[in-house]
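Below is one structure; the comments refer to it alone.
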Amino acid sequence: MNRTISGVFWIALYLLIVLVPVFLMLVPPTPSGRPFWLEFSIALGFVGLTQIAVQFVLIARFRAVTAPYGIDVILQYHRKIALVAVAAILAHPLIIVIDNPSRLKLLNPFGGNWGSRFGLLSVLTLLAIAVSSIYREKLKLNYERWRLSHLALGVAAIVFAQLHVSLAGLYKNTFWKQSIWILIAAAMVGLVFLLRVIKPAWQRGYTFRVAAVRPERGDMHSLVVEPVGHDGLQFAPGQFAWLKISNSPFTVEEHPFSFSSSAERKERLEFGIKALGDFSGSIGDIPVGTPVYIDGPHGAFSIDRYQAAGYVFLAGGVGITPMMSFLRTMADRADPRPVLLIYADKTYDGLGFREEIEALR
């Protein structure tokens, strides 16, 4: 499918899914004699709830979904639209209370009914997600712990919200309306199961191993991996992948790195990694033979995607990594197109792959 058509299709489908609850509100039978602001607040709550549910699709790394935009764009959208969804859900109880202050008692966990309690729990859970995401570094949450809590709290928020909607019962008064809400909840649970169980189980039969860890200039290393029992991984130059360097694919610790090797050599993959943190700083200590599980390739930053008569590549520091994939791939393909590489670092000695770049001229 054409990338533009595919991109428009996914946007249209997203909007349709998000607006499904509003359509359900308009289909009879509907409650009568209810004030506008009450109905508006419920619509906001429904839209926010569906947006939160769709977040699980955005983080699932489905290549069919991410291909038209690039996964970096999808993840940026995930972060921004999550705040919009939380704002819509927060507006739901606020508008209800502003419209009729006597409804404030519904927000009392000790005085309200179970429907309002589950709604309050969902809101508090979403606030916990937002706060822990925005202030993760200040809260000193490591990435793996935050990621697990992010997923668990997200599931809990959806479950609490579904219970709130079920107990309120205003727009689940027919079998087919109930079925749609059950389908949304089941799809969310299924995605979590796919991401945390089925996908890692499949990766057990698609293992790589560390073949070498080669030091490079600029406090970088080239991590070289080879397939175990299969042909390797086909990717486009400039793409990246998430790596699990562990004996088990079920580990939650994974890190994204760009391919630095030629796309013409799928049987020997290389990733350029700079020592910038606890994990990347210990890359040089990884023993040869360590299992590696790869989720990829991902990304839309590729010369194969954007054809041109020639290229100008701009890179700084470890940003040379995808450029090396470009250069090595073009060399292996005997690509005659001209290339101008502008590469900067703090020091001349810190220019990674300097000698190889000179040899490729």
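Having 3 or more residues that are in contact with a Ser or Thr (Cβ under 8 Å, 6 or more places away or on another chain) is the bar; report the helices (runs of 4 or more DSSP H) wholly within region 1-92 that clear it.
Once the helices (runs of 4 or more DSSP H) in region 1-92 are filtered for at least 3 residues that are in contact with a Ser or Thr (Cβ under 8 Å, 6 or more places away or on another chain), what remains is 3-26.
Which of the residues spanning region 304-316 are in a loop (DSSP other than H, G, I, E, B) and in contact (Cβ under 8 Å) with a residue 12 or more places away in the chain?
Result: 304, 305, 308, 309, 310.
Going residue by residue through region 95-115, is there one that turns out to be out of contact with any Leu (no Cβ under 6 Å at 6 or more places or on another chain), closer than 30 Å to residue 304 by Cβ and either assigned by TED's automatic domain parsing to the domain that holds residue 166 or surrounded by 15 or more Cβ atoms within 10 Å (Cβ to Cβ) (or both)?
Among the residues of region 95-115, not one is out of contact with any Leu (no Cβ under 6 Å at 6 or more places or on another chain), closer than 30 Å to residue 304 by Cβ and either assigned by TED's automatic domain parsing to the domain that holds residue 166 or surrounded by 15 or more Cβ atoms within 10 Å (Cβ to Cβ) (or both), which makes the answer no.
Residue 323 is checked against (1) closer than 21 Å to residue 211 by Cβ; (2) in a helix (DSSP H, G or I) and fails just one. What number does that condition carry?
The failed condition is (1).
For the subset of region 114-142 comprising residues that are under 17 Å from the mean Cα position of the chain (by Cα) and touching a residue at least 40 places away in the same chain (Cβ under 8 Å), which member is farthest from residue 89 (Cα to Cα)?
133
Which residue pairs have Cβ atoms closer than 6 Å, lie 6 or more positions apart in sequence or on different chains, and pair a first residue in region 211-230 that is without any contact (Cβ under 8 Å) to a residue 60 or more places away in the chain with a second residue that is of a type in the set (A, V, I, L, M) and surrounded by fewer than 19 Cβ atoms within 10 Å (Cβ to Cβ)?
Hits for this filter: 224/211; 224/212; 226/211.
Would you check which residues across region 300-312 are aliphatic (A, V, I, L, M) and modelled with pLDDT under 90 and list them?
Listed by number, the list holds a single entry, 300.
One line per residue, one yes/no per condition, for (1) at pLDDT 85 or above; (2) over 20 Å from residue 89 (Cβ atoms):
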{"site": "156", "(1), (2)": "yes, no"}
{"site": "163", "(1), (2)": "yes, no"}
{"site": "166", "(1), (2)": "no, no"}
{"site": "172", "(1), (2)": "no, no"}
{"site": "183", "(1), (2)": "no, yes"}
{"site": "186", "(1), (2)": "no, yes"}
{"site": "208", "(1), (2)": "yes, yes"}
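Would you please name the residue that is nearest to residue 238 (Cα to Cα), looking only at residues in region 62-94 that are crowded, with 17+ Cβ neighbours inside 10 Å and not hydrophobic (A, V, I, L, M, F, W, C)?
Among those that are crowded, with 17+ Cβ neighbours inside 10 Å and not hydrophobic (A, V, I, L, M, F, W, C), it is 70.
Of the numbered conditions (1) outside any loop (DSSP other than H, G, I, E, B); (2) surrounded by fewer than 19 Cβ atoms within 10 Å (Cβ to Cβ); (3) out of contact with any Lys or Arg (no Cβ under 9 Å at 6 or more places or on another chain), residue 243 satisfies every one except a single condition; which is it?
(2)
What tally of residues in region 268-303 results from selecting those that are under 14 Å from residue 208 (Cα atoms), among the hydrophobic types (A, V, I, L, M, F, W, C) and either without any contact (Cβ under 8 Å) to a residue 60 or more places away in the chain or not assigned by TED's automatic domain parsing to the domain that holds residue 243 (or both)?
Selection size over region 268-303: 1.
Name the one entry in 287, 297, 249 that is buried (at least 18 other Cβ atoms within 10 Å of the Cβ), modelled with pLDDT under 95 and either polar (S, T, N, Q) or assigned to a loop (DSSP other than H, G, I, E, B) (or both).
249
The values are calculated or read from the model by the stated rules, or taken from the named source; none is laboratory data. Everything quoted here is computed from the prediction, not taken from an experiment. In this analysis, Cβ positions are derived from the backbone assuming ideal geometry, glycine residues included, and neighbour counts consider all displayed protein chains.
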